[in-house]
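Inspection log for the structure reproduced underneath, given as structure tokens.
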Amino acid sequence: MNELSEFCRNLKKDFTPRIRDPTRPVRFWSEKDVLTGKIVDAFVIIFRTRGCSWALNSGCTMCGYFNDSIWEKISDENLLKQFETVMKGYSGEKFVKIFTSGSFLDDTEIKPIVRNKILSKLVETADKVSVESRPEYITDGELSSIRNIFQSKTFEIGTGLETANDFVREHAINKGFTLDDYKNAADVLKKNDCELKTYVLVKPPFLTERESIEDAVDTIEKIKTITDVVSLNPTNVQRNTLVDYLWKRKQYRPAWLWSVIEILKRSKKTVGNERIKCDIAGGGGIRGAHNCRECDSKFLEAVSSFSLHQDVKIFDDLNCNCYDKWLDQIDIENIGFGSLVNMYG
């Protein structure tokens, strides 16, 4: 285990998960998304599980979703009770998105029998179900039974590649897999007639603002023929992570929204008709991607609108006095040998 991986592991050594009800999901709600080119209501589920196996072993530098996990085995019965609760809030949306703060295909997190029961019930109504998984769990064996359930309907797996640069992924993100692992998983998905959504990280730790822009744009260029959808995810500062450790010491600032817009505009030209979306967790706050408070809300609205409509003209009317400060930061960061700290409290 390298030093970064060991550091991420040590950050959790004194962490004690909160006592939580294993029969209750983290959360569920409905939101807008796109299905077969149309804007629809999508139902979102976050199951409470034992947590991501990689996070329990070491973890990514920016990911704090383990904070919502139980860190111990949850019985099949309790997971199905969570699903029962979820279904009481389900209104027949044709698009369902499932999150577990880990990998839906990891048998140690959700056993195949539970996974198949959940998917079999959802596919009675939904036309598309989207889940998340690390590449190592995306295998022919795992997908064969799922494809039998879905038949002609759509099954999508989102995976967090984060960057196409293996050095950045290992030494800034501690992701625990390579670009080749991602490509192999993509081949398996294609062979099994499943769709791939790829998460691309904006502003990993240790990268300057300019470096993070170029890394994201370069990543999208390299994966545009591999993935069906790109999901751009600006880093937000989550508790008990290396990013949190740096942020508290004023050694990390989340991305500017100007940077997010720049990546989306440049990358949309690259991907053409393929979808590129962006979810900004914590946007507008000091722990999330932000500008200057004065313009944050209209920038966030523009990003949400772009994710649905795919029209870069949405960004044409965005302006604010903080634009020059963003440009200044990009210009002087290399002189200062690192990312500058927050511009406000």
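Just a few scattered comments:
- Of all residues in the stretch 308-330 being surrounded by 11 or more Cβ atoms within 10 Å (Cβ to Cβ) and acidic (Asp, Glu), the one that is farthest from residue 292 (Cα to Cα): 311
- Which listed residue is buried (at least 20 other Cβ atoms within 10 Å of the Cβ) and either touching a residue at least 60 places away in the same chain (Cβ under 8 Å) or more than 18 Å from residue 137 (Cβ to Cβ) (or both), from 66, 15: 66
- Set side by side, the residues 248, 190, 269 differ, and just one is under 22 Å from residue 36 (Cβ atoms), among the basic types (Lys, Arg) and over 15 Å from the mean Cα position of the chain (by Cα), which is 190.
- Segments classed as helices (runs of 4 or more DSSP H), wholly inside the stretch 157-256, with at least 2 members that are out of contact with any Cys (no Cβ under 7 Å at 6 or more places or on another chain) and within 29 Å of residue 308 (Cα to Cα): 179-191, 209-223
- Residue list for the stretch 269-287, restricted to those being surrounded by fewer than 20 Cβ atoms within 10 Å (Cβ to Cβ) and either assigned to a helix (DSSP H, G or I) or not basic (Lys, Arg) (or both): 269, 270, 271, 272, 273, 274, 279, 281, 282, 284, 285, 286
- Exactly one residue out of 232, 242 is in contact with a strand residue (DSSP E or B) (Cβ under 6 Å, 6 or more places away or on another chain) and among the hydrophobic types (A, V, I, L, M, F, W, C): that is 232.
- Which listed residue, of 305, 297, is in contact with a helix residue (DSSP H, G or I) (Cβ under 6 Å, 6 or more places away or on another chain), surrounded by fewer than 16 Cβ atoms within 10 Å (Cβ to Cβ) and in a helix (DSSP H, G or I): 305
- Residue check, residue 198 touching a Pro at 6+ places or on another chain (Cβ under 9 Å) and crowded, with 22+ Cβ neighbours inside 10 Å: no
- The set of residues from the stretch 21-47 being surrounded by 13 or more Cβ atoms within 10 Å (Cβ to Cβ), of a type outside the set (S, T, N, Q) and either touching a Ser or Thr at 6+ places or on another chain (Cβ under 6 Å) or closer than 17 Å to residue 71 by Cβ (or both) comprises 22, 24, 25, 26, 41, 43, 46, 47.
- Test result for residue 81, surrounded by fewer than 20 Cβ atoms within 10 Å (Cβ to Cβ), outside any strand (DSSP E or B) and modelled with pLDDT under 95: no
- Number of positions in the stretch 120-132 that are surrounded by fewer than 21 Cβ atoms within 10 Å (Cβ to Cβ) and in contact (Cβ under 8 Å) with a residue 12 or more places away in the chain: 5
- The lone criterion from (1) among the basic types (Lys, Arg); (2) surrounded by fewer than 19 Cβ atoms within 10 Å (Cβ to Cβ); (3) more than 19 Å from residue 127 (Cβ to Cβ) left unmet by residue 50 is number (2).
The values are calculated or read from the model by the stated rules, or taken from the named source; none is laboratory data. On a predicted model such as this, the values are computed, not experimentally measured, just so you know. Counting neighbours? That spans all protein chains shown, and the Cβs are built from the backbone with ideal geometry, glycine included.
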